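Data first, discussion second: the structure below is written as structure tokens.
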Amino acid sequence: MKKIALHWQIIIGILAGLLFGFICVQIPGGKTLVVDWIKPFGTIFINLLKLIAVPLIIVSLIKGVSDLKDISQLSKLGFKTIGLYLLTTVLAVSTGLIAVNVIEPGLLISEETRSEMTQTFGDDISLKVEEVHLANQERGPLQPLIDIVPENIFESASANSNMLQVIFFCLILGVAMVMLPFEKIKAFKGVLDAGNEIVLKIVDLIMLSAPFGVFALLAALVVEAPSADIFKALGAYGLTVVIGLVVMTFGVYGVFIRFFGKTKLREFYKAISPAQLLGFSTSSSAATLPVTLECVEDNLNVRKEVSSFVIPIGATVNMDGTSLYQGVAAVFIAQVMGNDLSLAQQLTVILTAILASIGTAAVPGAGILMLVIVLESIGVSPAGIALIFAVDRPLDMLRTITNITGDCMVALVVDRTTSE
């Protein structure tokens, strides 16, 4: 019998998880069953993906950089990659601001809903807001630059939140290898090549459990979701974010894919669908990184020296979906609180959202904490985050799709516009 393609297996797992979760909500003890006996398998699946993220970046990024012929080739690749990521981030925030100013969802929420959500989530958010606020007060203007350079690479490699530091070290190591004669690094290159093959095989083994992992994650999401009344009240806000994400994912990216990536849109989205679906299930660009690399290399035929450089950096610094969401959320909260933001304040949102997205960890829920920085930059109370906390999880899943699509798009464009 013909084997079902991975993206179809993941879709079946998503649909089965949603259906099973809905059934369990209707029966006594169903929620307990899912939380105690089903959800842990979803957590284990995400942990497995995160487990391989750092080893994959280390071997693939060092190998990708060291495979380049000279430093000029690396600098050309680097400038083009960072430039594209910054450009798409600006376009993402701008798209979100246009959508939220046209739809104005903050003017539709009722006072009763506002009070209910503030009471429900206020304490939890207040603690997180206070933590981020205190951390920001201690940080100087160049602290993000300091944070990129590790003082102990082994300590940095022990946590996925330090991905930028790992990337920095791998880039330096790769550059050093390019500058040395091949005879002196031949043995280490062999170790890297073998390590790369081993890590990719581990990814294949982990992906065998993908349908079951996404089933567990989606079933848990359904049974733990807040009441439908809250979703109705925040429907306009959620719709605004979704519209912005759709425009970005299929409209803005589509232009780059068609004209610069020289690829048909249908072929592109079909090629990266496993990574998109896995990103939707896990809400984590870092956890999806192994599958994203596999999709762009095997399905889009992007050269490994390009993909191994562009994709790991993108998983850390390219958060277009997160940036768009932060722009929409900041203006939405301001609208709810009666703050009429000026053009200068909205331009501040663009700049701050770009910087915040670069520092956002590629893990579930990190974006909502970075939103504190954006709100404080325009003088809006971060306590307003309580208004959107209930619907953040499903929107986090959707904006992860945009983040991953952006990574794949940039890898494709850089590959097609860079000579061998």
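Tell me, D415, D392, D36, D340 in order of fewest to most beta-carbon neighbours within 10 Å? If you can, show how the numbers build up before the last one.
On the way: D415 20, D392 23, D36 10, D340 7.
Least to most surrounded, the residues fall as D340, D36, D415, D392.
Quick one: which of 100-108, 346-354, 190-198 comes out on top by average Cβ neighbours within 10 Å, and what's the full order, highest first? All intermediate terms of the calculation are to be shown ahead of the outcome.
Details: 100-108: 17.0, 346-354: 20.8, 190-198: 13.9.
Taking the mean over residues of other Cβ atoms within 10 Å, the ranking is 346-354, 100-108, 190-198.
Starting from the Cα-Cα distance between F188 and V35, subtract it from 0.36 nm times their residue separation and give me the gain in nm to one decimal.
Numbers: separation 153, 0.36 × 153 = 55.08 nm, distance 4.61 nm.
The F188-V35 span can extend by a further 50.5 nm.
Which order do peptides 217-224, 314-321 fall in by mean Cβ count within 10 Å, highest first? Could the numbers behind the result be given before it?
Values: 217-224: 21.5, 314-321: 28.6.
Ranking, from highest mean packing down: 314-321, 217-224.
Loop-only trypsin sites (Lys or Arg not before Pro) in the range 1-68, please: DSSP not H, G, I, E or B, and at most 10 other Cβ atoms within 10 Å.
Working: sites: K2, K3, K31, K50, K63; in loops: K2, K3.
When the trypsin sites (Lys or Arg not before Pro) of the range 1-68 are filtered for loop state and at most 10 Cβ neighbours within 10 Å, K2, K3 remain.
Please list, in order along the range 145-158, the HN-Hα scalar couplings obtained from phi with the Karplus expression 6.51 cos²θ - 1.76 cosθ + 1.60 (θ = phi - 60°), rounded to whole Hz, x for Gly and Pro.
Going residue by residue, I get 5, 5, 5, 6, 8, x, 9, 8, 5, 5, 5, 5, 6, 7 Hz, with x marking Gly and Pro.
Please list 3J(HN,Hα) in residue order for the range 325-332, calculated via the Karplus relation 6.51 cos²θ - 1.76 cosθ + 1.60 where θ = phi - 60°; whole Hz, with x for glycine and proline.
Ordered by residue, 3J(HN,Hα) equals 4, 5, x, 5, 5, 4, 6, 4 Hz.
Which pairs break 30 Å Cα to Cα here: K80/K264; K39/K264; K3/K264; K3/K39; K50/K264; K63/K262? Can you show the working numbers first?
On the way: K80/K264 22 Å; K39/K264 38 Å; K3/K264 26 Å; K3/K39 27 Å; K50/K264 32 Å; K63/K262 27 Å.
The pairs that break the limit, which is 30 Å between Cα atoms, are K39/K264; K50/K264.
Work out, step by step, the length gained on full extension between D204 and K270: first 0.36 nm times the residue separation, then minus their alpha carbon distance; give nm to one decimal. Please report the intermediate quantities before stating the final value.
Values: separation 66, 0.36 × 66 = 23.76 nm, distance 1.92 nm.
Extra length available between D204 and K270 comes to 21.8 nm.
For the pair K3 and Q26, what calculated FRET efficiency results from E = 1/(1 + (r/R0)^6), where r is the Cβ-Cβ distance and R0 = 22 Å, to the nearest 0.05?
0.05
Among 11-19, 148-156, 239-247, how do they line up from the highest to the lowest mean number of other beta-carbon atoms within 10 Å? Could you put the intermediate results ahead of the total?
Values: 11-19: 17.4, 148-156: 12.6, 239-247: 20.9.
Top of the packing list down: 239-247, 11-19, 148-156.
Karplus couplings for the range 173-183 from phi (6.51 cos²θ - 1.76 cosθ + 1.60, θ = phi - 60°), rounded to Hz, Gly and Pro as x?
So the J values, rounded to whole Hz, are 5, x, 4, 4, 5, 5, 7, 8, x, 4, 4.
Where a number appears in this text, it was derived from the coordinates with a stated rule and is not lab data. If you're wondering where the values come from, they're calculated on a predicted model, not measured in any experiment. Here the Cβ is made from the backbone with ideal geometry for all residues, glycine too, and neighbour counts use every protein chain on show.
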